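**Student:** Quick one: structure below, then a few questions.
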Amino acid sequence: INAEYGGITCDDVGSDFVHQYVGKEPSGFGFNKIKLGAKNLPHNPLIKTGAITVASLVHPNEPISERFEHCYSKYKRLASGFVTNNISFNNVVYLSEKHNGHRNYAIGHYLLNKGCIAINSTPRLMEVLELYFQLCSIEADTRSVAIMGATLANGGKNVFSGDQVLTQKTVQDTLSLMYSCGMYDFSGQWSFEMGLPAKSGVSGVVMMILPNVGSIAMWSPPLDHYGNSVRGVGFTRNFLGRFRDLTGQDSMFHPFSAKRATLTRNQTLSTVGVRTRMLHTSTGRMPHTNTGRLHSTCQLQWSAASLLKYVRKLVR
């Protein structure tokens, strides 16, 4: 979620304005570390200090209900697909965050003390934290997360609805941050080994972006000591070990060129204990297939014709 609402905020007020308040560098510390980087700024928008700072920039002069609704509606547009998206608000999580998020309150007061956020009073800080807790309580299934990722992979244009939700400039900035900072303190090794933008969450989700190709959303709750899904990282190693060409320079440096997809079948892939649905998304016309309990969903807009034969081998 941090990556998406960071992108939404950059889209609203401009990347240059956002980065007056938050940096662009990996932190080298845990995601909830109370520490700032150069110029007394949070290191990046994808860790706690940066995410709370970005929340303070979301339509700051509007009522909190409208600020939340603005982000919530953008999420739904990002995830709009061929079936009703499962974006919802989990009130139980929200109440738990609000009553037990002591470290988040501490981070908020630390940011206020350091002058990192564009507010000057404790009541305003409480509004920012309230919004942050609400945004952290938005719930999505893997299918919806994958479609959100596919929208980023497609330059901010939803591959199903055709809606240009975010500008290409915003998406490029977002993917750059996901590439360098999206996997917490494992980000450097991830970018070196996997070579693709990704964002993980402590719920066990990993959203990986293949620019101009698609997105893979994985969910498996057991976490490693970095806070990343153990099986999500394992699946990615296995998958990219077979499809290494998907990380090539053509995808990374020309991410939004117009290429057509060629994979026209639904496939189900089982690898390292993570079941993944692979779907062709260039037309958006695809029947729903019930494949049981899915731990990972893959919405891919394929650009490589040769990939189909490898997928067939992999799922036999």
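**Student:** May I ask you to list pairs of residues, at least six apart or on different chains, whose Cβ atoms are under 9 Å apart, with the first in segment 218-232 being part of a loop (DSSP other than H, G, I, E, B) and polar (S, T, N, Q) and the second being surrounded by fewer than 17 Cβ atoms within 10 Å (Cβ to Cβ) and at pLDDT below 90?
**Tutor:** Ser220/Gly273; Asn228/Val202
**Student:** Quick check on Glu4: is it acidic (Asp, Glu), under 18 Å from Leu175 (Cβ atoms) and part of a loop (DSSP other than H, G, I, E, B)?
**Tutor:** Numbers: acidic (Asp, Glu): yes; under 18 Å from Leu175 (Cβ atoms): yes; part of a loop (DSSP other than H, G, I, E, B): no.
No: the conditions fail for Glu4.
**Student:** Next question. Limited to segment 152-175, what total is found for residues that are closer than 30 Å to Lys35 by Cα and either in contact with an Asp or Glu (Cβ under 7 Å, 6 or more places away or on another chain) or without any contact (Cβ under 8 Å) to a residue 24 or more places away in the chain (or both)?
**Tutor:** Start the filter on segment 152-175 by keeping residues that are closer than 30 Å to Lys35 by Cα, which leaves 152, 169-175.
Those left that are additionally either in contact with an Asp or Glu (Cβ under 7 Å, 6 or more places away or on another chain) or without any contact (Cβ under 8 Å) to a residue 24 or more places away in the chain (or both): 170.
Here the count works out to 1.
**Student:** If you don't mind, there's one more thing I want to ask. Exactly one condition in (1) under 25 Å from Phe243 (Cα atoms); (2) buried (at least 19 other Cβ atoms within 10 Å of the Cβ) is false for Gln189; which is it?
**Tutor:** That leaves (2) as the condition not met.
**Student:** Here is a list: Asn113, Asn120. Which entry is under 16 Å from Pro42 (Cβ atoms) and free of Cβ contacts under 8 Å to residues at least 24 places away in the same chain? Let's see the steps before the verdict.
**Tutor:** Working: Asn120 fails: under 16 Å from Pro42 (Cβ atoms).
None of the other options fit; the residue is Asn113.
**Student:** For segment 21-36, state whether one or more residues are part of a loop (DSSP other than H, G, I, E, B), out of contact with any helix residue (DSSP H, G or I) (no Cβ under 7 Å at 6 or more places or on another chain) and within 26 Å of Gly156 (Cβ to Cβ). If you could, list the steps in order and put the result at the bottom.
**Tutor:** Narrowing segment 21-36 to residues part of a loop (DSSP other than H, G, I, E, B): 21-36.
With out of contact with any helix residue (DSSP H, G or I) (no Cβ under 7 Å at 6 or more places or on another chain) added as a condition, the list becomes 25, 27, 33, 35.
So of that shortlist, the ones also within 26 Å of Gly156 (Cβ to Cβ) come out as 25.
Looking through segment 21-36, at least one residue is part of a loop (DSSP other than H, G, I, E, B), out of contact with any helix residue (DSSP H, G or I) (no Cβ under 7 Å at 6 or more places or on another chain) and within 26 Å of Gly156 (Cβ to Cβ).
**Student:** Residues in segment 203-213 that are in contact with a helix residue (DSSP H, G or I) (Cβ under 9 Å, 6 or more places away or on another chain), surrounded by fewer than 24 Cβ atoms within 10 Å (Cβ to Cβ) and within 24 Å of Glu97 (Cβ to Cβ): how many?
**Tutor:** Of the residues in segment 203-213, the ones in contact with a helix residue (DSSP H, G or I) (Cβ under 9 Å, 6 or more places away or on another chain) are 204-213.
Restricting the remaining residues to those that are surrounded by fewer than 24 Cβ atoms within 10 Å (Cβ to Cβ) gives 204-205, 212.
Checking the rest, the ones that are also within 24 Å of Glu97 (Cβ to Cβ) come to 204-205.
Summing the residues that are in contact with a helix residue (DSSP H, G or I) (Cβ under 9 Å, 6 or more places away or on another chain), surrounded by fewer than 24 Cβ atoms within 10 Å (Cβ to Cβ) and within 24 Å of Glu97 (Cβ to Cβ) in segment 203-213 gives 2.
**Student:** I've got another one for you. For segment 123-142, does any single residue satisfy the condition of being buried (at least 20 other Cβ atoms within 10 Å of the Cβ), in contact (Cβ under 8 Å) with a residue 60 or more places away in the chain and among the small types (Gly, Ala, Ser)?
**Tutor:** yes
**Student:** Scan (1) of a type outside the set (Val, Ile, Thr); (2) out of contact with any Ser or Thr (no Cβ under 9 Å at 6 or more places or on another chain); (3) open to solvent by 40 Å² or more (accessible area, probe 1.4 Å) for the single condition Gly101 breaks and write down its number.
**Tutor:** (3)
**Student:** Being modelled with pLDDT under 90, closer than 21 Å to Met178 by Cβ and of a type in the set (Gly, Ala, Ser) is true for just one of Gly37, Gly115. Which residue is that? Write out each step before concluding.
**Tutor:** On the way: Gly115 fails: closer than 21 Å to Met178 by Cβ.
Answer to the selection: Gly37.
**Student:** Within the group Ser96, Ser65, which residue is open to solvent by 70 Å² or more (accessible area, probe 1.4 Å), among the polar types (S, T, N, Q), at pLDDT 90 or above and over 30 Å from Asn154 (Cβ atoms)? I'd like the intermediate steps shown before the answer.
**Tutor:** Numbers: Ser96 fails: open to solvent by 70 Å² or more (accessible area, probe 1.4 Å).
Being open to solvent by 70 Å² or more (accessible area, probe 1.4 Å), among the polar types (S, T, N, Q), at pLDDT 90 or above and over 30 Å from Asn154 (Cβ atoms) holds for just one of Ser96, Ser65, which is Ser65.
**Student:** In addition: Could you say whether any residue in segment 19-41 is hydrophobic (A, V, I, L, M, F, W, C), within 19 Å of the chain's Cα centre (by Cα), open to solvent by less than 30 Å² (accessible area, probe 1.4 Å) and under 17 Å from Val202 (Cβ atoms)?
**Tutor:** Here is the first cut: in segment 19-41, the ones hydrophobic (A, V, I, L, M, F, W, C) are 22, 29, 31, 34, 36, 38, 41.
Now narrow it down to the ones that are within 19 Å of the chain's Cα centre (by Cα): 22, 31.
Filter once more, so that each one left must be open to solvent by less than 30 Å² (accessible area, probe 1.4 Å): 22.
Checking which are under 17 Å from Val202 (Cβ atoms) leaves us with none.
No, that holds for no residue.
**Student:** Does Lys199 satisfy being closer than 24 Å to Gly50 by Cα, among the basic types (Lys, Arg) and open to solvent by 10 Å² or more (accessible area, probe 1.4 Å)? Can you show your working first?
**Tutor:** Working: closer than 24 Å to Gly50 by Cα: yes; among the basic types (Lys, Arg): yes; open to solvent by 10 Å² or more (accessible area, probe 1.4 Å): yes.
So Lys199 fits the description; yes.
**Student:** Let me ask something else about it. From Ser176, Ser161, which residue is assigned to a helix (DSSP H, G or I), out of contact with any His (no Cβ under 8 Å at 6 or more places or on another chain), open to solvent by 30 Å² or more (accessible area, probe 1.4 Å) and farther than 24 Å from Pro60 by Cα? Step through it out loud before you land on a result.
**Tutor:** Numbers: Ser161 fails: assigned to a helix (DSSP H, G or I).
Criteria check complete, one pass: Ser176.
The values are calculated or read from the model by the stated rules, or taken from the named source; none is laboratory data. What you are looking at is a predicted structure, and each value in this text was computed from that prediction instead of being measured. A quick note on method: Cβ atoms are made from the backbone with ideal geometry, for glycine too, and the neighbour counts reach across all protein chains shown. To get the accessible areas, we keep the full protein, side chains included, count just its heavy atoms, and leave off ligands, DNA and RNA. Shrake-Rupley method; radii C 1.70, N 1.55, O 1.52, S 1.80 Å.
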